[in-house]
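The values are calculated or read from the model by the stated rules, or taken from the named source; none is laboratory data. Since the structure is predicted, the reported quantities are computational estimates derived from the model, not experimental observations. All accessible areas refer to the heavy atoms of the entire protein, side chains included, with ligands and DNA or RNA removed. Shrake-Rupley method; radii C 1.70, N 1.55, O 1.52, S 1.80 Å.
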Amino acid sequence: MKYVLPFCGTDEDAAAFEALTPEQLRLRYAHVGAWCAEHRSKIGPSNQLQAPDTATSVRFGPDGPPVVTDGPFVEGKEAIGGYAEIEVADLDEALRMAKSWPGRGTVEIRPVLTRR
């Protein structure tokens, strides 16, 4: 089964990440790299995203043309910082992977819609 794991965090999480020393940042990336290596056979496309203030959104209202705006594409206190597509046996396996994510913040688990 395919899932996408959006890796999310709050403004406070982003500030804490920015405040890491170079050594702490190296260790954080080493832990994330080790997590990716451990689950390599299950991880497909993945990327870290630029900051939410670089986003451009297209919003659709009930009537009228779509409106293009600068800024985050979702309303809320958390922003998506990156994602990974995974292929695992079931939700339980996806949960085990998400629970071991060393990047902290929030990991959402979204099943990929499959067409039949």
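Which cross-chain or sequence-distant (5 or more) residues have an amide H under 5 Å from the amide H of Ala55, H modelled 1.01 Å from N in plane?
Placed amide hydrogens put Gly71 under 5 Å from Ala55.
Taking all protein chains as present, what is the carbon and sulfur share of the accessible area of the range 1-108, in % to the nearest whole number, probe 1.4 Å?
With neighbouring chains kept in place, the figure for the range 1-108 is 56 percent.
List the aspartates and glutamates whose Cα lies under 17 Å from the Cα of Lys77, skipping any in the same chain that are fewer than 8 positions away.
Asp11, Glu12, Asp13, Asp53, Glu108
Divide by every residue of the chain the summed helix terms, -39500 (n - 2.57) for each DSSP H run of at least 4, and state the resulting mean residue ellipticity at 222 nm, rounded to the nearest 500 deg cm²/dmol.
Helices in the chain give a 222 nm mean residue ellipticity of -9000 deg cm²/dmol.
Keeping every protein chain present and rolling a 1.4 Å probe, give me the accessible area per residue for the chain in Å².
Spelled out: the 1.4 Å probe surface of the chain, per residue, equals 73 Å².
Ala15 to Gln48: extension gain in nm, 0.36 nm per residue of separation minus the Cα-Cα distance?
Result: 10.2 nm gained on full extension.
If N is the number of residues in the range 1-99, what value comes out of its Cα radius of gyration divided by 2.2 N^0.38 Å?
1.31
At each listed q (0.17, 0.18, 0.26, 0.30 Å⁻¹), what is the log10 of I(q)/I(0) that the Debye formula gives for the range 8-60 modelled as equal alpha-carbon point scatterers?
-0.77, -0.83, -1.13, -1.18
On a straight-distance basis, which lysines could pair with Lys42 in a cross-link, Cα separation under 16 angstrom, same-chain partners fewer than 8 positions away excluded?
Result set, ordered by chain and number: Lys2, Lys99.
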